[in-house]
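Below is one structure, written out as structure tokens; comments come after it.
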Amino acid sequence: MSYILKHVYDDSNMTFMEQIKTEKILSMYNLNIINIEKVRSVYKIHSDNGTFCLKEISKDEKKAMKSIKLIECLKDKGFHNIASPYCSNTGSYIVKTKESSYYLTDWIDAREVDFNDTKHIFESTKLLAEFHNKAKGFNLNDIKIKNHIGKWHTVFMNKINFLNDIKEKLLLNPSIRDFDKIYCSNIDYYIKEAQFAMHILKHSEYENISKFYSKVGQICHNSFYYQNILSDINNNYYLIDLESCVYDMPLRDIGKFIIRIMDKKENLWNFQLCKDILASYNSVRAIGESEYKILLSLIIFPYKFYKIGRKKYIKRKKWKEDRFYRKLKKVNETQEEKKEFINKFINYYNINI
């Protein structure tokens, strides 16, 4: 039976309204609650029945259901490094309110990985490879998953067009600020870099390989950040938060992962580390020889520069000018390291440009 929740909250990190909402949701489960605390964006539920995770998905029951379905399918395929969902008293995995949808899973007793630790990097890479091995061949007609397979050319071109549009607008604006001048003065460099990435993609086996992954129904995590990877005291690794999953080739995940690792100031486009990451991935799931060229196109594309511009000029992010400047400065200062990295990648993996 459910428990009265008024006095079981960790009041230091939950608002009164959160307490009311959480009480309403948890009354739908057969749990004897001991304590509740907020951890990042989820709620850790301590009960006589065990420890659970309550997650809120704002305004989107379909997104919550997508996550539940993927968990079930992955477990059926033999991928157990994820949390198990629990039904409410009504027999449904999802509890809805006017504002949000919620679902309950077991709590994984583990901590976020530390990407300053190379062991965590390599073990996380193996986890991703195992996920990719299992995340395919699902019959998921009852839920909607975005399909990005075969669309990289369009994505690249849209981003290049964005950079060209921003360049034109900045050049026509006589009253631009200091950051805008710096962004504009560097934009040609990154447009050329983006065009180089597009050139490599066009002269790769991308179309044929996309057709293969389309047939097998390959799914990518699409949010493989340290916050979504957990490690316990027994060196078991777990993957959480499947709401962002999309259909796409595995290179999408591994490429974005490499970019994040290479962008850290401790690494700064360390090619040896990249080689070791790909070796760890290959020890579980082999990357095809012709796929390295596609992977290179993704790594080359100037996402960081593009994202800074998008946050500044499209999203109108309310950051101080100095914050935009620091982020841009960091990207600009690593140009030579990235060039050297690209040359080493081309030579080592024998890529024909």
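The values are calculated or read from the model by the stated rules, or taken from the named source; none is laboratory data. Only a predicted model underlies this, so the values are computations on that prediction, with no experimental measurement involved. Virtual Cβ from ideal backbone geometry, glycine too; neighbours counted across all protein chains shown. These area figures cover heavy atoms from the full protein model, side chains too; ligands, DNA and RNA do not enter into them. Shrake-Rupley method; radii C 1.70, N 1.55, O 1.52, S 1.80 Å.
Pairs exceeding a 19 Å alpha-carbon distance, out of Lys159/Lys264; Lys75/Lys126; Lys66/Lys307; Lys211/Lys304: Lys159/Lys264; Lys66/Lys307; Lys211/Lys304. Apolar share of the accessible surface for segment 42-160: 44 percent from carbon plus sulfur atoms, 1.4 Å probe.
Loop sites here are GluC sites (Glu not before Pro) outside DSSP states H, G, I, E and B with no more than 12 other Cβ atoms within 10 Å. The longest part of the chain free of them is 100-265. For the Cα atoms of the chain, what angle does the longest principal axis make with the long axis of helix 291-300, in degrees from 0 to 90, nearest 10? For helix 291-300, the angle is close to 80 degrees. Summary of the geometry: segment 289-343 and segment 169-248, compared by the centres of their Cα atoms, lie 10 Å apart.
For the chain, a Gaussian network of Cα nodes joined below 10 Å ranks Lys211, Lys169, Lys256 by mean-square fluctuation, and the top entry is Lys169. In the chain, the longest principal axis of the Cα atoms and the axis of helix 118-134 are about 80 degrees apart. According to the Kirkwood relation over distinct C-alpha pairs, the hydrodynamic radius of the chain is 22.5 Å.
Taking every protein chain into account, the 1.4 Å probe leaves Arg40 with about 140 Å² of accessible area, to the nearest ten. Pick from Val246, Val155, Val39: which is most flexible by mean-square fluctuation in a GNM of the chain where alpha carbon atoms under 10 Å apart are linked? Highest fluctuation of the listed residues: Val39. If r is the Cβ-Cβ distance from Glu61 to Lys136 and R0 is 25 Å, what FRET efficiency results, to the nearest 0.05? After rounding to 0.05, the efficiency reads 0.50. Backbone phi angles across segment 177-187, fed through the Karplus curve with coefficients 6.51, -1.76 and 1.60 (θ = phi - 60°), yield HN-Hα couplings of 8, 4, 4, 4, 5, 5, 4, 5, 5, 9, 5 Hz in residue order; Gly and Pro are listed as x. Between Ile108, Ile45, Ile233, the residue with the greatest mean-square fluctuation in the GNM of the chain (Cα pairs under 10 Å linked by springs) is Ile233.
Accessible surface for segment 236-281, divided over its residues, is 30 Å² per residue with a 1.4 Å probe.
Relative to the longest principal axis of the Cα atoms of the chain, the long axis of helix 321-333 makes an angle of roughly 60 degrees.
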